[in-house]
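The values are calculated or read from the model by the stated rules, or taken from the named source; none is laboratory data. All figures in this text were calculated on a predicted structure; none of them were measured in a lab. Here the Cβ is made from the backbone with ideal geometry for all residues, glycine too, and neighbour counts use every protein chain on show. Just so you know, the surface numbers come from the protein's heavy atoms only, side chains and all, with ligands and any DNA or RNA stripped out. Shrake-Rupley method; radii C 1.70, N 1.55, O 1.52, S 1.80 Å.
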Amino acid sequence: MSADSIHAAPTRPAKVRSLRGLGAAVVVLLGLVIAADVFAVVVGARLYGLWSAEALDQETYSRWEGLYNWSDVATMDTFLLCGVVFLVWFHRARINAEAFAPGAHRATPAWAVWSWIVPVVNLWIPRLIALDIWSASIPGDRLGPAPRRSNRLVNAWWTLWIAGMVPTFMATMTYARAVEADETREAIGLTLVSALFDIAAAVLAIVFVRRLTAMQHRKALEQ
């Protein structure tokens, strides 16, 4: 992968399209992601407690294990559905940003999608694209490169997103090698931590999506 394939080249100004419909859909789906994660936390905490008990009630454990497995399916399905719609919204936001501030971006619109999928690249390039979109979407009578604004919201959201990957990876590895009860309990505990990070990241993602959608709407009215 060459740097030229990521770096944006001057393009013909794109037509600005409203993000409000897509933004509302992303917010609703992020809410479902949060709901699924909260359910997973509640069930996981109960299962963790059962593994910590002196005597394990097999019937009770089987019931909660079934709920735990269902919560895994719910969190994965809501995450994937939300991810697809979010990528459509993010790509559209990047195209709009090109019209607001031509030549002020560090990656092409295509990378607004691919940067989330390509391993390693997805650890930092999506954040750079988000920062460029955010900066270009600041309302105000201005043409050309956009001045940088506070990046605290984007950075906080991205930090939680990346930090949540650590316990997720550790939980997966721990489950894979779990033989003893202590190892299973540890994996469940790590999954709980991962879900809490996901909830926090999703809350900030909702704030990010709502603010950027509103910013681009105001910016479009100025054009």
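Descriptive notes on the structure:
- Per-residue ³J(HN,Hα) for region 25-30, Karplus 6.51 cos²θ - 1.76 cosθ + 1.60, θ = phi - 60°, Hz, x for Gly and Pro: 5, 4, 4, 4, 5, 5
- Computed lengthening from M76 to Q223, 0.36 nm per intervening residue step minus Cα-Cα distance: 48.9 nm
- Dipole-positive endmost among A112, V88, I138 within the chain (Cβ charges, Cα centre): I138
- Relative packing of 96-102, 82-88, which averages over residues the other C-beta atoms within 10 Å, highest first: 96-102, 82-88
- Normalising the average separation of contacting C-alpha pairs (under 8 angstrom, six or more residues apart) by the number of residues puts the relative contact order of region 108-218 at 27 percent.
- Residue (of V166, W124, P102) at the positive-pole extreme of region 65-223, dipole from beta-carbon charges: P102
- Tensor-based shape of region 82-136 (alpha-carbon gyration tensor, a/c under 1.5 rounded, otherwise prolate or oblate): oblate
- Computed per residue of the chain from DSSP H runs no shorter than four, each worth -39500 (n - 2.57), the mean residue ellipticity at 222 nm is -26000 deg cm²/dmol.
- Fraction of the pair-distance distribution of the chain above 27 Å, Cα-Cα pairs, percent: 41 percent
- Accessible area (Å², per residue) of region 150-214, counting only protein heavy atoms and a probe of 1.4 Å: 52 Å²
- Estimated FRET transfer efficiency when R0 is 30 angstrom, pair F169-A214 (beta carbons, to 0.05): 0.30
- Protein accessible area in region 23-116, 1.4 Å probe - carbon and sulfur %: 70 percent
- Zone of A181's modelled label, taken as backbone nitrogen in region 57-89 under 16 Å from a point 7 Å along Cα→Cβ: 57-62, 65
- For region 61-110, the per residue solvent-accessible surface stands at 45 Å², with DNA, RNA and ligands left out and a 1.4 Å probe.
- Backbone geometry of region 79-92 corresponds, through the Karplus equation with coefficients 6.51, -1.76 and 1.60 at θ = phi - 60°, to 3J(HN,Hα) couplings of 5, 5, 4, 5, x, 5, 5, 4, 5, 5, 4, 5, 5, 5 Hz, x marking Gly and Pro.
- Centre-to-centre separation between the Cα atoms of region 161-191 and those of region 194-216: 25 Å.
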